[in-house]
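To keep things clear, I will list the structure first and then write my remarks on it.
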Amino acid sequence: MRYAFFITIFVLLQLFSLGAALSLQWWLQPWTTTTLQTAVMVTIFIITNSLLLLSVKRVFANSYRWVSSWMLFMHFMVLTALLISLLYGGYWLIVTLSDGTISNASVSNASVIAFGLRVLALLIFIGLFIYALYSAYVPVVRKKTININKPMVGQLRIAVASDLHIGRLFGSGAIDRLRRLVVQSEADILLMPGDIMDDNTEAFTAYDMQANLTELCASLPYGVYATLGNHDLYGHEQPISYSLRSAGVHLLNDDVVCLTHQDQPIWLVGRFDNHKRERVATTELLAQVNVDEPIILLDHRPSDIVEHSQLPIDLQVAGHTHNGQVFPANFIVSAINRLGYGYEAIGHGHFVVSSGYGFWGIPFRLGSRSEIWLITLSGK
């Protein structure tokens, strides 16, 4: 499996390199010679494969971020070229249909058009980076009202923030912003279904983010409940768990807890991510609760939604997919998951898969958005 993954990444990087090189060659064409055009092609392939080799050899820390950043740079170059091609093709189509032929004036203005297209390409390229950075750091609040098929007194306002990936690029400011959002939304409780830390607690400790997380936990009537995701289990489970609990986060690692909301029991069930092979089956956890009362499940990945839809679970919240994070990966996410992103009522329950509050690797999103969900839960 690991070799298949590496081969896939290698092939994708070569394809991105080819597309980026051709795009850059086109952009530089008016000012370059054939020799320089060849040099551009060779240089891009050298950069790509050098970064890949350094990443595989783990020559420097966070080398995957360098590869991801370079891949995104090439991806945006290809997207820019495609957009320009569509605009250019549309322009000539309009000219041809309106005049019946391409006029001499149009041909004589070809150099002006070519220059204008290159200026537009540069603006689009820069615009993609600005928009992707904005989408990663400026969250939206998705609101959803869900009525479950069980008796329930009043309403419970649930904030959901998955995939924070707290680290050097997403830290104290992001935690404080989350606190302001949940307070403004008048949430009763915050659920965080996994990938809370970005692999370890180094940045969390170095920048004293525990104080920020403690404030977040204290700002909600019922506090913060969370489960661990795959990035919380990559060798640093114990320090991550300790840091979260010290800040006041209630961890539900294959565990259940009963809340009392307006004198009515509401069950929270939390599972380890399936990276932990010995995790407890959902049916075993449900054996510890009263299935006639409202049940909310936190499960990092949405991979078991079909099975869970046949169980007496009223609401499951998940994350993990990031909704692809960068277009067109969102289409892949939708293709391989029963529910890769968003909300759907399936079987006996309701399911919400968030694109995440933070991001993985690099601070860019395209075709997805940093978000929290505000779910108003009520009964029949």
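What to note about this one:
- Taking the helices alone, the chain has a mean residue ellipticity at 222 nm of -15000 deg cm²/dmol, built from -39,500 (n - 2.57) per DSSP H run of at least 4 residues and averaged over all its residues.
- Considering only beta bridges that DSSP places wholly inside the chain, some 40 percent are antiparallel.
- Dipole magnitude of the chain about its Cα centre (Cβ charges: Lys, Arg +1; Asp, Glu -1), debye to nearest 20: 980
- In this structure the stretch 119-163 gives 50 Å² per residue of accessible area when probed at 1.4 Å with all protein chains present.
- Measuring spread by the Cα atoms of the stretch 268-359 yields a radius of gyration and Dmax of 13.4, 42 Å.
- Packing here is the average count of other Cβ atoms within 10 Å per residue, and on that basis the peptides 169-177, 122-130, 252-260, 347-355, highest first, run 347-355, 169-177, 252-260, 122-130.
- For the stretch 147-237: span of alpha carbons on each principal axis (Å, largest first): 45, 25, 16
- Cα-centre dipole for the stretch 230-297 with unit charges at Cβ (Lys and Arg positive, Asp and Glu negative), debye to 20: 240
- Note on the chain: Lys pairs 8 or more places apart or on different chains, Cα atoms under 28 Å apart, count 4.
- Amide H contacts of R142 (H built 1.01 Å from N, in plane; Pro and chain starts excluded): I372, W373, L374 sit under 5 Å, all sequence-distant by 5 or more or on other chains.
- The phi-based Karplus calculation (6.51 cos²θ - 1.76 cosθ + 1.60; θ = phi - 60°) puts the 3J(HN,Hα) values of the stretch 174-189 at 5, 5, 5, 5, 4, 4, 5, 5, 6, 5, 4, 7, 6, 6, 8, 8 Hz, whole numbers, x for Gly and Pro.
- Charge-dipole axis of the chain as Lys and Arg at +1 and Asp and Glu at -1 on Cβ define it, positive-most pick from L120, G319, T214: L120
- Identified option (computed percent of Cα pairs over 32 Å apart; candidates (i) 37; (ii) 43; (iii) 50): (ii)
- Accessible surface of the chain, 1.4 Å probe, proportion on carbon and sulfur as whole %: 62
- Per residue, the accessible area of the stretch 313-380 comes to 32 Å², computed with a 1.4 Å probe over protein heavy atoms only.
- Dividing the convex hull volume of the alpha-carbon atoms in the stretch 15-163 by its residue count gives 224 Å³ per residue.
- Accessible surface calculations at 1.4 Å, restricted to protein heavy atoms, place the stretch 233-292 at 51 Å² per residue.
- A cut-off of 5 Å between modelled amide H atoms, ignoring neighbours fewer than 5 places along the same chain, links T227 with M192, G194, L252.
- Positive-pole candidate from L233, V40, T8, dipole of the chain, charges at beta carbon: V40
- Relative packing of 290-298, 60-68, which averages over residues the other C-beta atoms within 10 Å, highest first: 290-298, 60-68
- Percent RCO, i.e. relative contact order, over the chain, from Cα pairs under 8 Å lying at least 6 residues apart: 20
The values are calculated or read from the model by the stated rules, or taken from the named source; none is laboratory data. Since the structure is predicted, the reported quantities are computational estimates derived from the model, not experimental observations. Every residue, glycine among them, receives a Cβ derived from its backbone with ideal geometry; neighbour counts consider all protein chains shown. In case anyone asks, the SASA skips ligands and DNA or RNA and just uses the protein heavy atoms, side chains included. Shrake-Rupley method; radii C 1.70, N 1.55, O 1.52, S 1.80 Å.
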